[in-house]
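Below is one structure, written out as structure tokens, with a few remarks after it.
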């Protein structure tokens, strides 16, 4: 019997020889260094002037300068872009939460024949990536604006060329962002609200409460954990989104941070100092978000991985 | 009866007031674009006003015929398949491997490693693309690092050649040995390497050995050549590497979270029965994670078919379109140069269909082999 051999250490834990342990640690350190070094390298180089960078790409800066940040902030219009990014991220997250949870409540607690086809179509949508539809989305939004603008012009309300509801408009960006986040949000919300006892809803119904009232005062407070999960996984994806806003918006006043950073790789590509500063500005908020919400994000990622 | 009916109407109203806003946005963002995409891919629409402008009409499947005979389309598809493969057979096993190390507590502070390895996944893809684009550029830090390694190697060999030669006696043999270690670089600089290099070396006084060696290193040390990044297939390597770099952490988290859900008593029992590490993986961990692994594979496939932002910011499909993928090709057809909307829409629809086919295939595989739990 080999039982006594295993009594000496905690169960579920492997015993590795010293050499194996060394190898395992070596592997982990290598991976961790691979993950972090490029980022550290980027941050260090953002404090070098472009001239110093071209002479010394790998070492520490000889003298640290903050000039790149000041320059990049100005040239990139980052004070506008960061505001826009916050607006798009917060707006889309709140919009997604409200629409997804209210629909999820209806799907799981109000019986209807429409639930199967509509909920089913949302589930199929989890598989679809909106990015692959960017060309038709661009055509749809810009052509709808033309159509509506023309219509309003014939009514004599305004000039057609100045009409922007879907294309080059904050509303349009929110709409597309919310639409692409809804399938996952609705799936997570519905699965969660299903587990809330139906008796709660029925009791409130007998007391005469309407469905919206029940949603706001009973269901929503009870679904805060899943709302948190949906929000936590939505925020980084909205903040980092590039492909869609790239085709939805052409005016700088409406652009988000990723678009501003991308501009630095075109016309300003040779000015490495400012480009690095712009990249650091671009990843800073998300690194901060990650350090604050690491635990929740880790949980959210594993909950949100439900494609299919 | 009347009362019941009243309740029914109220239920009905509440239901639709809750579902309709979400559903109409969803239709607007996903369903209509697909319909538009189907119609336009069959049409001769070429920009301008879609309604009330220049007339356009449905002309049939010409765009799809063009797609099939377009070498750039096949190249983009091949590159896309590379990305799908590295995602499914690179990210997933690597993520699983690291998750397993942390799960089995082979290293301490599991949370720390997990936290560090997830960092790349949280950074904006645009930042990642530009950052790695600079790293891999012909005059970037990778080239500089390689050059400095080459230069050090060259210097070491120079030192061994000059070892013991304190008086700097320049013989033909010595010059030959130097030329041997330079490879091709000497021929590019000197038209008659043997004579000219000898003359060059004669120009230094014996006290200037260090200066001479430095000059030789600067002049003749072989340089890192990033030309290979202009070749088909090989040019995709940096992109594949970065794909692996930035998303492996996601699957690590996913697998680890699901491993931790496994009842620890099962593991204990297995260990008491003397199960080996390999048996634990193949008999306990893999079977209980099979569903999660399949979901991860599906996630991988639909994500990697749309690696637009990363490649657009890293290479933009260049040089000369050899790193192009489907989404970049679609973008270029629609927005660069003369817009070819029907063609772009055909590609768009192809991406949607292709990802559906791959996902259905994955499901089929799961049903066949995953159901043996």
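Of note:
- Ordering of A:104-112, B:253-261 by packing [mean C-beta count within 10 Å, highest first]: A:104-112, B:253-261
- Three-way shape call for chain A based on the alpha-carbon gyration tensor, with the a/c threshold at 1.5: oblate
- Under 15 Å from a label point set 7 Å out along the Cα-to-Cβ vector of residue B:20, the amide N atoms of the range A:74-118 belong to A:103, A:114.
- With a 10 Å cut-off around each Cβ of A:164-173, the average count of Cβ atoms from other chains is 0.
- Candidates A:247, A:118, A:193, ranked by Gaussian network fluctuation over chain A, Cα under 10 Å, top entry: A:118
- Among B:282, B:355, B:333, the largest mean-square fluctuation in a Gaussian network model of chain B, built with springs joining Cα atoms closer than 10 Å, belongs to B:282.
- In this simple spin-label model, placing a label point 7 Å from the Cα along the Cα-to-Cβ direction at both residue A:153 and residue B:281 gives a separation of 6.6 nm.
- Once the Cα gyration tensor of the range A:86-234 is diagonalised, semi-axes √(5λ) in Å: 34, 18, 15
- Value at 222 nm in deg cm²/dmol, rounded to 500, when DSSP H runs of n ≥ 4 in chain A each add -39,500 (n - 2.57): -23000 deg cm²/dmol
- Computed over chain A, relative contact order equals 30 percent, with contacts defined as Cα pairs under 8 Å that lie 6+ residues apart.
- Cα gyration tensor shape for the protein assembly as shown, rounded if a/c is under 1.5, else prolate or oblate: oblate
- Spacing of the two label points (7 Å from each Cα toward its C-beta) at residue A:18 and residue B:209, in nm: 4.3 nm
- Axis angle, to the nearest 10 degrees, between helix B:125-136 and the longest C-alpha principal axis of chain B: 20 degrees.
- Over the range B:17-92, equivalent-ellipsoid semi-axes from the Cα gyration tensor in Å: 30, 26, 9
- FRET efficiency, 1/(1 + (r/R0)^6) with R0 30 Å, evaluated for residue A:121 and residue A:213 via beta carbons: 0.60
- Label-point gap, in nm, between residue A:44 and residue A:194 - each point 7 angstrom along Cα→Cβ: 5.2 nm
- Nearest-ten-degree value, helix B:172-182 long axis tilted from longest Cα axis of chain B: 10 degrees
- Net lengthening on full extension, residue B:35/residue B:172 (0.36 nm per residue, minus Cα-Cα): 41.5 nm
- Candidates B:349, B:219, B:358, ranked by Gaussian network fluctuation over chain B, Cα under 10 Å, top entry: B:219
- Dimensions of the range A:69-134 based on its C-alpha atoms, expressed as ranges along the principal axes with the largest first, amount to 59, 25, 13 Å.
- Chain B, helix-only ellipticity at 222 nm - DSSP H runs n ≥ 4, -39,500 (n - 2.57), divided by all residues, nearest 500: -22000 deg cm²/dmol
- Cα gyration tensor shape of chain B, rounded if a/c is under 1.5, else prolate or oblate by comparing a/b with b/c: oblate
Every number in this text was worked out from the coordinates using simple rules, so none of it is lab data. Not measured: the values here are computed from a predicted model. Virtual Cβ from ideal backbone geometry, glycine too; neighbours counted across all protein chains shown.
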